[in-house]
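The values are calculated or read from the model by the stated rules, or taken from the named source; none is laboratory data. Remember, it's a predicted structure, so these values are computed and weren't measured experimentally. Neighbour counts are summed over all protein chains in view; Cβ atoms, including those assigned to glycine, are modelled from backbone coordinates with ideal geometry.
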Amino acid sequence: MPKYVDHGLYASHAASPTWGAAQDGDGSAIGAATSATVSIDLSAATAAAGATFVIMGATLTCVASAAAANQFNAGAGATLVANLVTAINRSTNTRTCIAAPHNGTSWTTPKVQDTVFARIGTPTTTLQIMTRAGSADYNAVGTISTSGLTGGTFGPYTFSGGVSGAWGWLFNPSATAFGSAIAVMGYGVWEQQKPIAGAIAAGDLVNIRSNKTVTLLSASLYTINLSAMGSPDSPVKFVIDDSTVWADGANPVLRIRQTPTSNGYGFTLTGVTATHAHIKAPKYTSGNGFILEFVTTAGYSGFVNGAIGCPATFENLTFSAPGTRAQSLGSASIVGSTYSMTADKVTRYIGCLLEWPGQQNATLQMGNGGYNFRCELIDCEIKANDAAAAATSLVAIHNNNTHRLVLDSCKFTGFVPGSRLIASATAATGNDTLFVRNCDFGNVNVLGPNLLTSPIGEFDAGMCGFFATSQYGTRDFVYERAGRLYAEWNYSKGRPYLNARLNDGTTPWSIFAVTANTALCVSKLCPVELPRISKIIPENVDLAEGVRTLTLNFLLESNLAAWTKQDISVLVEYQAPDGTVETLNSYDSNAGALSTSGASWSATSWNAQTWLPKTFSVVTPTSVKAGSEISIYVRLHSTVTNETWGVIIDPEIIVT
Amino acid sequence: MNAMFFDGLVQFAGTLGYPAERGRFAIGNMVSLAKQSLPNDPIGTHTLTLTNVVVGSRVFIRDQANTTTHYDQIAGASTVVIPLQVYVGGSPLNNWSIKVRKSSAAPKQLPYETSMTATAGSSSIFVSQVPDTIAS
């Protein structure tokens, strides 16, 4: 059965409510809830020390005098009523109500003063109690009992008149809540203390009313901190309404807004390790249906963030700091948190927009030191408005623990050409990997070399580094293994080329590769390998089966002129006619000289550098099976001290 | 035809279409795949511009192994633009022998001959023909 949240539906969550006016609902119905009430005649009752008054499992104990938390003073009749009112409403009570008396056993267990409110009735020997939240589940259940009272039989008593209705608070944005003064941003469907009535159960569908703006206090740092909920197999789904449930007109939008009055404020949407939730907003042609925004025209700094660290999915959300640089120094980021993830958990942002004025760096933080994270951004837009200079580091890599960030089909817009994805020489000593699939980087066209530093290097591809591929356009790729290698095919760089062409038959391409300058991470007997280049050998009808000569052409940066066949080699795998897989390694431990090539590269001067045409050929000792596939791995055996040096490889291995 | 690759990084597992034609690379999932070109597979064009040609000269381009004629025509203007196919790297068909002669009609010229290895793109050659004062 779906549940409902209509933020602001109830007038107040103050400690002293209007009598009978519900302060929240139980989420089980669309409209407003009604409180349940009970009147108890204590005109004949006398309480002495040791007597008890129990409300929904929360026990208050009578003392002779000087009652403190969870206690009430002795008395009789009207005095006893007054003493109980004081005790029930005392802000310092710690006794909590149990869920069991209600129909829903998975309710939370709030403090007694947060669950009910008491007053002196008419006559004054009557104790009146109302539930702060409205729910039919409070009715007709013997939830109030006494012990030790003299003068008659008192209880059990039951509430009546409760009517179920929508929850009314995503969070308490500007004032403390209920009898215990729950801190601002401490209570609500999306806060750590969940609603006092009803339950957010695993697998629930919770509809959230839109078409409203929830305003946060202007001068505070806030966290919308979703509590533990759902389960890995039954997450809770929150759907921001698009007028399907409530008639709020066309394209309603839910906004959470902070308008700061000075520098340094902002708010973060996050959760905890066990927040198994999916918040999904509608996506209109005009934009996302859920906007979190940091709004200033006075040039204040601040932020609106989403956080990594909870197994939640956030779909079609906008994190926005609108305006120009002159109006706002706000930022929008995905940041780390202080919760760790396990392998079965991921924080996922789908269809989200991050936008801010300027060219803020570190807008995507891969994690936080001391915690493990997995985060995926799918079909998201990273947008810099009014950018004036190139960004120097949009993804912040942390240098310990396990951090995985996946960017899938994302686009970067509004950036100044030359913007850089990762800062050069970032430490990546842990298990930190950025995977990128099919992203449109726009003017963020400096993808590397980044020379990620790692004293021990990356043991295996994928453990630590930056890996990007694309199955569209010019199919650029980046293959950076921290501490070991940077290789890329980047069309926008316009590097020299020789024979290789893309699948369109006309676009030339080449591979640039440079090893890191980390001693011991690359060595003669422990080279680093480039991704596989595969060649399909012609069928026998086209080219007679036989021994093949494989020729690799490449440009060697002139500062590496001393390189030999011990510094660069090729590993070839091929299939002999009998099906046997053979390998051929060109590595020369005698450091034979590389052969100079006469191949006509498109250029041998590029990037104000001189590139030396080189080549080497290897001959297969046996015939290569016609129609089979050969694999070629270029291996680099030496470190390089400058990220602009290295080699440019023609992938068109010549087979003759 | 598609091939599924789980090569290198499983994160990038996916399909990669076999290139339909030889000598063209499909790239994806950290794999670069091409059908090996044959020596006589054209991979593009090279636009050769000859300047300062004496009108009426015969321009004759063959491979250096003298197996295939790439171009054989009479120059109608002093600048001759010749688009020619180039072949897979290493193919001997890319090794051109270029001859310009005018020996049938006056004013006759001494044979001009040069050679080059062509790749896709363009180039220009200034043809320095010398009048054949004896034959003329």
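Does A:T324 count as within 13 Å of the chain's Cα centre (by Cα), β-branched (V, I, T) and at pLDDT 90 or above? No; evaluated as a whole, the condition is false for this residue. Here A:V295, A:V346, A:V304, A:V395 are screened, and the one residue that is surrounded by fewer than 20 Cβ atoms within 10 Å (Cβ to Cβ) and β-branched (V, I, T) is A:V346.
Being assigned to a loop (DSSP other than H, G, I, E, B), more than 29 Å from A:L405 (Cα to Cα) and not hydroxyl-bearing (S, T, Y) is the requirement here; does A:L520 meet it?
Values: assigned to a loop (DSSP other than H, G, I, E, B): yes; more than 29 Å from A:L405 (Cα to Cα): no; not hydroxyl-bearing (S, T, Y): yes.
Here the answer is no, as A:L520 does not meet what is asked.
Does the stretch A:370-388 include one or more residues that are among the acidic types (D, E), within 14 Å of chain B (Cβ to nearest Cβ) and closer than 20 Å to A:E643 by Cβ? The answer is no; no qualifying residue exists. Within the stretch A:1-19, can one find any residue that is β-branched (V, I, T) and either crowded, with 18+ Cβ neighbours inside 10 Å or more than 41 Å from the chain's Cα centre (by Cα) (or both)? Looking for residues that are β-branched (V, I, T) and either crowded, with 18+ Cβ neighbours inside 10 Å or more than 41 Å from the chain's Cα centre (by Cα) (or both), one finds at least one in the stretch A:1-19, hence yes. The strands (runs of 3 or more DSSP E) found entirely in the stretch A:64-165 that carry 2 or more residues being of a type in the set (A, V, I, L, M, F, W, C) are A:116-120, A:126-134. The stretch A:401-474 holds strands (runs of 3 or more DSSP E) entirely within its bounds, and those carrying 1 or more residues that are surrounded by fewer than 22 Cβ atoms within 10 Å (Cβ to Cβ) and at pLDDT 80 or above map to A:402-408, A:411-413, A:431-437. Taken residue by residue, the stretch A:593-607 has at least one member that is more than 48 Å from the chain's Cα centre (by Cα), modelled with pLDDT under 90, within 14 Å of another protein chain (Cβ to nearest Cβ) and buried (at least 17 other Cβ atoms within 10 Å of the Cβ).
This table checks each residue for (1) of a type in the set (A, V, I, L, M, F, W, C); (2) in contact with a helix residue (DSSP H, G or I) (Cβ under 6 Å, 6 or more places away or on another chain); (3) crowded, with 17+ Cβ neighbours inside 10 Å.
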| residue | (1), (2), (3) |
| --- | --- |
| B:F60 | yes, no, yes |
| B:D63 | no, yes, yes |
| B:H70 | no, no, yes |
| B:G76 | no, no, no |
| B:T79 | no, no, no |
| B:T114 | no, no, no |
| B:A118 | yes, yes, yes |
| B:D132 | no, no, no |
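Are any residues in the stretch A:531-563 more than 7 Å from every other protein chain (Cβ to nearest Cβ), surrounded by 15 or more Cβ atoms within 10 Å (Cβ to Cβ) and over 46 Å from the mean Cα position of the chain (by Cα), and if so, which ones? Of everything in the stretch A:531-563, those that are more than 7 Å from every other protein chain (Cβ to nearest Cβ), surrounded by 15 or more Cβ atoms within 10 Å (Cβ to Cβ) and over 46 Å from the mean Cα position of the chain (by Cα) turn out to be A:E545, A:R548, A:L550.
If you check A:L421, A:L434 for being within 14 Å of chain B (Cβ to nearest Cβ) and on the phi < 0 side of the Ramachandran plot, only one passes: A:L434.
Could you check, for the stretch A:577-586, whether at least one of its residues is aliphatic (A, V, I, L, M) and either within 14 Å of chain B (Cβ to nearest Cβ) or crowded, with 21+ Cβ neighbours inside 10 Å (or both)? Show your work before the answer.
If we filter the stretch A:577-586 for residues that are aliphatic (A, V, I, L, M), which is where we start, we get A:581, A:584.
Of the ones still in play, those that are also either within 14 Å of chain B (Cβ to nearest Cβ) or crowded, with 21+ Cβ neighbours inside 10 Å (or both) are none.
No, the stretch A:577-586 contains no residue that is aliphatic (A, V, I, L, M) and either within 14 Å of chain B (Cβ to nearest Cβ) or crowded, with 21+ Cβ neighbours inside 10 Å (or both).
Criterion applied to B:A26, B:A20, B:A13, B:A34 was being more than 7 Å from every other protein chain (Cβ to nearest Cβ), within 26 Å of A:T656 (Cβ to Cβ) and aliphatic (A, V, I, L, M), and the one residue passing it is B:A20. Every condition in (1) closer than 30 Å to A:V624 by Cβ; (2) touching a residue at least 60 places away in the same chain (Cβ under 8 Å); (3) more than 8 Å from chain A (Cβ to nearest Cβ) holds for B:A65 except the one numbered (2). May I ask you to say which residue of B:L93, B:L84 is within 14 Å of chain A (Cβ to nearest Cβ) and within 23 Å of B:Q36 (Cα to Cα)? Of B:L93, B:L84, the one residue that is within 14 Å of chain A (Cβ to nearest Cβ) and within 23 Å of B:Q36 (Cα to Cα) is B:L93.
Is it the case that some residue within the stretch A:477-498 is among the aliphatic types (A, V, I, L, M), at the interface with another protein chain (Cβ under 8 Å from one of its Cβ atoms) and buried (at least 22 other Cβ atoms within 10 Å of the Cβ)? Don't jump to the end; show me each part of the working.
Step one: of the stretch A:477-498, the residues among the aliphatic types (A, V, I, L, M) are A:478, A:482, A:485, A:487, A:498.
Subsequent filtering for residues that are at the interface with another protein chain (Cβ under 8 Å from one of its Cβ atoms) retains A:498.
Restricting the remaining residues to those that are buried (at least 22 other Cβ atoms within 10 Å of the Cβ) gives A:498.
For the stretch A:477-498, residues among the aliphatic types (A, V, I, L, M), at the interface with another protein chain (Cβ under 8 Å from one of its Cβ atoms) and buried (at least 22 other Cβ atoms within 10 Å of the Cβ): present.
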